[in-house]
Amino acid sequence: MKMRFKLLILILVLGSCKSTTIISEDFITNNADVVIAFGSCNKQNERNVLWQEIMKWKPDAWIWGGDIIYSDTDDMEKIWNDYQEQLNQEDYKKLQNSTKILGTWDDHDYGLNDGGEEFIAKAESQQLFLDFMGVSKQDERRQREGVYHSEYIKTGDGTINIFVLDTRYFRTSLSTATDPNKRYQPNTYGQGTILGNKQWLWFKNELANSKADFNIIVSSIQILSGEHGFETWANFPHEVDKLKDIIKNSKAKGVFIISGDRHISEFSKANVDGLKFPLIDFTSSGLTHSYSGFTSEPNRLRVGNVVSEKSFGLLKFNFKTKTVDMQMRGTGNELQQKFLQTF
């Protein structure tokens, strides 16, 4: 177990969306076995003031949730130059030198806003993404379509399995909303896919065979929050049901979701029939910019409040208590919101 610094903080413990309980504790010892930080929506031409705050936690891994850069182009030279601008940032270099980095892409680093399978330069863009992530030329992701993969973090106390999904390469067309206040609406049930057949088969087999104590599903777009009318798994309702069934039937332990994309941060919680624990979707976004003008949007599965300030996600794992302490943190390492999940 790592020795970590102690913090004087007020902890906001979130219950159901109908009630919030505030517990004041004078002294908290950070006794996590593993710490993972994550986030999304990072403009490469803006200074990310959160890198230094993230590194104070000495995370065992950093997970990109997508939109690592903002390019929105099929010009591969521009995409690579944008990646290089990110790689050359001093604070990010320090993070690279101190922790394991993995993750997925979203639309703006993929190359097409809200793009999916139709993007003409997706194969070339994939190789640049893998170059940025430092993926070996011998890695299987170099030879197959999509950037999905899984990776373990192993300690003497337990194991965490991280499933990085690709919600872009195979995603079929979206349905334009008839409601003028929304961009998209759900497809007809059964129509279209987010992950595509090969990725679905891979994920099903990988999760079923996972013996890890905790299993993290990384999705660049939200899975559980589905009423806002932007990009979300809920635009493919049959895919949400398929994911829930796979999780339930896998018997995998400690499964939860982390996501990004929205320029806001929030916790969503769903009870799934046959699943012994609630399914949590922890959205953390964005790193360099956020939806500062946010007022409200519906999410019947929301726990707590929406955070519309710059933030990163923090996950503190305890193998003995089978808990994940999920925290949203912002400028100055301010604790914005917290959710404790026991499995």
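The values are calculated or read from the model by the stated rules, or taken from the named source; none is laboratory data. Just so it is clear, the model here is predicted, and its values are computed rather than measured. Glycine gets a Cβ as well: all are built from the backbone with ideal geometry, and neighbour counts include every protein chain shown. These accessible areas exclude ligands, DNA and RNA; they are computed on the full protein's heavy atoms, side chains included. Shrake-Rupley method; radii C 1.70, N 1.55, O 1.52, S 1.80 Å.
What the table below lists for this structure:
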item	result
Selected from Val307, Ala123, Leu340, residue furthest toward positive end of dipole (the chain; charges at beta carbon)	Leu340
Stokes-Einstein diffusion coefficient of the range 228-343, Kirkwood radius over Cα pairs, 37 °C, 0.692 mPa s, in µm²/s	217
Pairs of Cα atoms farther than 21 Å apart, the range 138-241, %	42
Extreme residue, positive dipole direction of the chain, given options Ala61, Val35, Asn97 (C-beta unit charges)	Val35
Counted charge near Ser175, where neighbours are those whose Cβ lies closer than 14 Å (Asp, Glu -1; Lys, Arg +1)	-1
Exposure of Trp62 as accessible area (Å², to 10), given a probe of 1.4 Å and all protein chains	0
Surface per residue (accessible, 1.4 Å probe) for the chain, Å²	43
Size of charge dipole - the chain - debye, nearest 20, with Cβ of Lys, Arg +1 and Asp, Glu -1, no other charges	1440
Selection from Thr155, Ser136, Ile258 lying farthest towards where the dipole of the chain points positive, charges on Cβ	Thr155
At most 15 other Cβ within 10 Å, DSSP loop - chymotrypsin sites (Phe, Trp or Tyr not before Pro), the range 107-195	Tyr189
Coil-residue GluC sites (Glu not before Pro) of the range 33-133, DSSP, other Cβ within 10 Å capped at 13	Glu46, Glu118
Principal axes of the range 289-335: Cα extent on each, largest first, Å	41, 30, 12
Relative packing of peptides 206-212, 285-291, 315-321 - highest average C-beta neighbours within 10 Å first	285-291, 315-321, 206-212
Net dipole in debye of the range 137-257 [+1 Lys, Arg Cβ; -1 Asp, Glu Cβ; about Cα centre; nearest 20]	260
Kirkwood-based Rg to Rh ratio, the range 38-83, C-alpha trace	1.04
Within the range 181-330: Cβ-based charge dipole about Cα centre, in debye rounded to nearest 20 (Lys, Arg +1; Asp, Glu -1)	460
Pairs of Cα atoms farther than 38 Å apart, the chain, %	9
Carbon/sulfur fraction of accessible area - the range 145-238, other protein chains in place, 1.4 Å, %	47
